[in-house]
């Protein structure tokens, strides 16, 4: 998932060869298995080990987010750029956007609630890995993106987006990693609790390129994680008959959260999240991942080969949890599905097109 661990190389900007129906966007699986090198961030990788990651000084051109190795160079951001805002400011520019009526917003939310009822509450993907469909409620999705003091007890799309937006434009907020050759990646990253350094694939108290301390994890976010784990335990008992749900998905108290914002071209090569402490990994303490915005195709399996893994769609409001026997699975994102985010979420938050992903773990 986003951040940490070994990651498989991805295709660079070279012409692609014919590929299987699954699609091969990460390069040859044999290379993945042999190299086992980590990539510089939770959302990009590359076969070109010569390409170095740095802190760009001037505005740079874009490059596909599938290119670059963690072992190369140091990582930074556009040092002269303004803080990245995951939400669009509709007051700028000549385009006037008409706000949706309250009737339209409420109608969209009713439709979303009905979809939540129709969706299976739990998808048991494999031992130690579950997917809670539409677990994050509409209002929470918005507020998670905007402002801290708007929190309520339930998990809410709107709240998550608003909180992430406020944190992301402050010190230690979202930054865009770049290359020594002058290209930038199509993703923005922010860490809470501890900083994950894509260069060393390790955690620290400050970002190396600017010395910024990562913001703390909001207490409400921690509660959301606990609620999701508890819900997964209840559903495991009811739907799978798990004799010991806690053994299958251990309890954990998150002290790290990695946030990635992907545009429509974002990709994530197959990798393992294994940069946490040995104690955390040995106990199988789970990774808890929230998806907000556009739907993404998620890959997972026991081998670092995109042709031999399973896949599942992660939609806005879904919570994916993997721990226990599945803690060190290979996983990644094969593609984004543009314009699939709920309309009401985009209207209420002005979230940019793409996917906001929060992954929680205990160091």
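Do we find a residue being over 15 Å from the mean Cα position of the chain (by Cα), farther than 19 Å from residue 255 by Cβ and touching a residue at least 24 places away in the same chain (Cβ under 8 Å) anywhere in segment 280-302? Scanning segment 280-302 turns up at least one residue that is over 15 Å from the mean Cα position of the chain (by Cα), farther than 19 Å from residue 255 by Cβ and touching a residue at least 24 places away in the same chain (Cβ under 8 Å).
Kindly evaluate residue 185 against the criterion of being modelled with pLDDT under 90 and within 21 Å of residue 291 (Cα to Cα). Break it down stepwise before answering.
On the way: modelled with pLDDT under 90: yes; within 21 Å of residue 291 (Cα to Cα): yes.
Answer is yes for this residue.
With respect to residue 291, is the statement that it is within 24 Å of residue 176 (Cα to Cα) and surrounded by fewer than 22 Cβ atoms within 10 Å (Cβ to Cβ) true? No: the conditions fail for residue 291. So, residue 236, is that one closer than 27 Å to residue 308 by Cα and modelled with pLDDT of 95 or more or not? The answer is no for residue 236.
A search for C-beta distances below 8 Å between a residue of segment 215-236 that is without any contact (Cβ under 8 Å) to a residue 60 or more places away in the chain and any residue that is in a helix (DSSP H, G or I), counting only pairs 6+ apart in sequence or on different chains, returns 215/167; 233/245; 233/246; 234/245. Of the helices (runs of 4 or more DSSP H) lying entirely inside segment 187-287, the ones with 1 or more residues being surrounded by fewer than 22 Cβ atoms within 10 Å (Cβ to Cβ) and in contact with a strand residue (DSSP E or B) (Cβ under 8 Å, 6 or more places away or on another chain) are found at 219-235, 278-283.
Before we move on, is residue 276 within 22 Å of residue 224 (Cα to Cα), modelled with pLDDT of 95 or more and out of contact with any helix residue (DSSP H, G or I) (no Cβ under 7 Å at 6 or more places or on another chain)? If you could, list the steps in order and put the result at the bottom.
Values: within 22 Å of residue 224 (Cα to Cα): yes; modelled with pLDDT of 95 or more: yes; out of contact with any helix residue (DSSP H, G or I) (no Cβ under 7 Å at 6 or more places or on another chain): yes.
Yes; evaluated as a whole, the condition is true for this residue.
Condition check ((1) buried (at least 24 other Cβ atoms within 10 Å of the Cβ); (2) touching a helix residue (DSSP H, G or I) at 6+ places or on another chain (Cβ under 9 Å); (3) assigned to a strand (DSSP E or B); (4) modelled with pLDDT under 95) across all residues:
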| site | (1), (2), (3), (4) |
| --- | --- |
| 297 | no, no, yes, no |
| 303 | no, yes, no, no |
| 311 | no, no, yes, no |
| 328 | no, yes, no, no |
| 333 | yes, no, yes, yes |
| 340 | no, no, no, no |
| 357 | yes, no, yes, no |
| 363 | no, yes, no, no |
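Considering every residue within segment 145-153, establish whether at least one is at pLDDT below 95, farther than 16 Å from residue 261 by Cα and within 16 Å of the chain's Cα centre (by Cα). No, because not a single residue in segment 145-153 is at pLDDT below 95, farther than 16 Å from residue 261 by Cα and within 16 Å of the chain's Cα centre (by Cα).
Within segment 245-260, which residues are modelled with pLDDT under 95 and under 15 Å from the mean Cα position of the chain (by Cα)? Within segment 245-260, just 260 meets the criteria.
The values are calculated or read from the model by the stated rules, or taken from the named source; none is laboratory data. Keep in mind that this is a model prediction, so the values were computed, not measured. Cβ coordinates were reconstructed from backbone atoms using ideal geometry, including for glycine residues, and neighbour counts include every protein chain displayed.
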